[in-house]
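The values are calculated or read from the model by the stated rules, or taken from the named source; none is laboratory data. None of these values were measured; they are calculated from a predicted model. All Cβ positions, even for glycine, are placed from backbone atoms using ideal geometry, and neighbour counts span all protein chains on display.
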Amino acid sequence: MSSYFIAPRHGALHVRQREHLAQRGWRTIDRTLQRPCSYPHPAGRIRRIETHISVIYLTGRYAYKLKKPVNLDFVDFTRLAARQRACGDEVRLNRRLARGLYCGVETIVRRGRIFKIGKHGRVADLAVKMRRFDERDVFSALVARGELGLAEIDALAERLAAFHRHAARTPPDHRYGSAPAVRMRMQTVLDSLEQETRTLVPAQLRAWCESEGERLAGHFEARRAGGFVRECHGDLHLDNVVRRGKHVLMFDCIEFSDALRWIDVASDLSFLLMDLQAHDRDDLAARLLNGWLQQTGDFAALPALRYYMVYRALVRAYVASLKARGNPAPHAAEQAKRYLRLAERMTTMPRSYVLLCHGYSGSGKSVASEALASLIGAIRLSSDVERKRSRPFTPVDTRPLAATAYSAHSIDRHYDLLLALARQVLEAGYPVLVDASFLKHEHRSRFAALGNRLSIPVVVLDFHARTCRLVERVRTRALELHNESDAGPVVLVRQLANEEPLTSEEMADTVCFDTEVPLGAFTHVEYWGALLQRLDHHAAASREAAHA
């Protein structure tokens, strides 16, 4: 069952009668399409999969998706014209993210008493034709087997960011993405969940949803006015993402509801993040979030991201509770409880802190900090990337910058930008990791002052390697295509000559790391043990101060 949700509505009597009549003819078509002779190609053994609005027939190399003539709370497919329109919309919209999967719309024709997929005869119904894929390569299957890796997550982040960048920006209804619409959707799923499960949603969770919705009302409106409510996927969880060769494809978007598809891009992303956390892969969720942010620069999406993730978890809890209805197996009911617990957990703000990378070009701080951000769930700001970004949702220019970009004045301005972004991330409730060289005391002191104002710890991560290794690394990097960093041997020489060493006061809040280790070491908790202990110490001290 898909994971979308619309408030219930009631159909008129004549609609139910039309549904009954349509179902009679449709059942004949359904039986026919389970026979291999109904297809214009070798079908082999046909496998039938049914959802609440569709039936899918897996036939050889292809799959056919037939809309059921049903009238539900959120869709009326009792008329052939409605099913035809939905099939066309499904192909058009899904080709945005999975062009290679969606072949087109096929007609089901009747010749006498025989129904077939074909062109000649009276049109009885329509079906979406898709190329089949290996179900073992669906992301939900990969993560369940422990085979979903960084390459797939990085490809997903890049593809999704590009999709959001180019998605249509003019909603057909001005109410889509508005504060009342977003808050009403949350309220509706909370009420429906209580009604379905006959147990109360935890009062603390409901109170959080209501207070956060009120607090974020201005944010929702600002996002809508800023053009961030776009024609998205709408149902983007791990079951709807597949690895196909070297590509990552996202399929089965919502075609039948404009309101569920025209949403904030942050809401679209939130489903994947929540689903990864539901599979106990917080590290991959952090990697995806950082990858998407690096591609888009949309740090303004962060304030409502947790709200959207809670909403998605509640929807999944509701869908699971519907599956559990009349089902003696405890799996679905337990799944509903698990999503409720996840929603509660996501309402808890993570501890805030600022981590400053410190080191010369070639010290390995970028590679190391990227791995660290995934381990601890911090938002990583890349100096190399942000230096080349003109504004959010524009591609980062990977061409080398002019020499003036590294003048003292330009560097000061760039650290001002990083400081503003760090403040934005912290105010949204996330810890921040700033990947920059921080070789000047003045630049470090600005971030220390920010931490003091917000009463959060600031820790310097000093990454070091031998000078010969630094030179080797920057020379190798200069030969790489599409590397964000322009810092070559000339920049390194300048850094070595002009560095302002860490003061004794700064060293008290510094953890040192030798980066002349195998790359795999950066992904292990043991490598970061001293830092994690320090962060735990700060957290304990904060709790004691709060209870004093």
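Overview of values
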item: Residue that is nearest to Pro172 (Cα to Cα) [pool: residues in the stretch 245-271 that are aromatic (Phe, Trp, Tyr) and either touching a helix residue (DSSP H, G or I) at 6+ places or on another chain (Cβ under 9 Å) or part of a helix (DSSP H, G or I) (or both)]; result: Phe256
item: Hits in the stretch 193-221 (condition: touching a residue at least 60 places away in the same chain (Cβ under 8 Å) and not acidic (Asp, Glu)); result: Leu193, Thr197, Val201, Pro202, Gln204, Leu205, Trp208, Cys209, Gly213, Leu216, His219, Phe220
item: Test result for Leu190, touching a Leu at 6+ places or on another chain (Cβ under 7 Å) and either surrounded by 13 or more Cβ atoms within 10 Å (Cβ to Cβ) or among the basic types (Lys, Arg) (or both); result: yes
item: Some residue of the stretch 217-229 being buried (at least 18 other Cβ atoms within 10 Å of the Cβ), within 24 Å of the chain's Cα centre (by Cα) and within 18 Å of Leu314 (Cβ to Cβ); result: yes
item: Residue in the stretch 328-348 that is of a type in the set (Lys, Arg) and part of a loop (DSSP other than H, G, I, E, B) present; result: no
item: Residue check for Asn290: in contact with a strand residue (DSSP E or B) (Cβ under 6 Å, 6 or more places away or on another chain) and either surrounded by fewer than 21 Cβ atoms within 10 Å (Cβ to Cβ) or modelled with pLDDT of 95 or more (or both); result: yes
item: Those helices (runs of 4 or more DSSP H) lying entirely in the stretch 418-528 with at least 3 residues surrounded by 12 or more Cβ atoms within 10 Å (Cβ to Cβ) and not hydroxyl-bearing (Ser, Thr, Tyr); result: 441-454, 467-478, 489-498
item: Residue in the stretch 99-106 that is hydroxyl-bearing (Ser, Thr, Tyr) and farther than 30 Å from Ala162 by Cα present; result: no
item: Cβ-Cβ under 7 Å pairs, at least 6 apart or on other chains, the stretch 51-71 side closer than 16 Å to Arg35 by Cβ and in the same structural domain as Ile108 (by TED's automatic domain parsing), far side among the acidic types (Asp, Glu) and assigned to a strand (DSSP E or B); result: Tyr64/Glu106; Leu66/Asp125
item: Given (1) more than 16 Å from the chain's Cα centre (by Cα); (2) surrounded by 23 or more Cβ atoms within 10 Å (Cβ to Cβ), index of the condition Leu273 fails; result: (1)
item: Some residue of the stretch 119-126 being in a helix (DSSP H, G or I), touching a strand residue (DSSP E or B) at 6+ places or on another chain (Cβ under 6 Å) and surrounded by 15 or more Cβ atoms within 10 Å (Cβ to Cβ); result: no
item: Checking His441 against (1) more than 34 Å from the chain's Cα centre (by Cα); (2) at pLDDT below 95, the condition it does not meet; result: (2)
item: Pair list, Cβ under 7 Å, 6 or more apart: the stretch 364-381 residue in the same structural domain as Ala420 (by TED's automatic domain parsing), other residue in a helix (DSSP H, G or I) and of a type in the set (Gly, Ala, Ser); result: Ala373/Ala286; Ser374/Ala286; Gly377/Ala286; Arg380/Ser369; Arg380/Ala373; Leu381/Ala422
item: Filter pass, Leu302 being under 27 Å from His524 (Cβ atoms), outside the structural domain of Leu535 (by TED's automatic domain parsing) and either surrounded by fewer than 22 Cβ atoms within 10 Å (Cβ to Cβ) or not aromatic (Phe, Trp, Tyr) (or both); result: no
item: Which numbered condition Ser542 misses (of (1) out of contact with any Pro (no Cβ under 9 Å at 6 or more places or on another chain); (2) of a type in the set (S, T, N, Q); (3) closer than 19 Å to Val354 by Cα); result: (1)
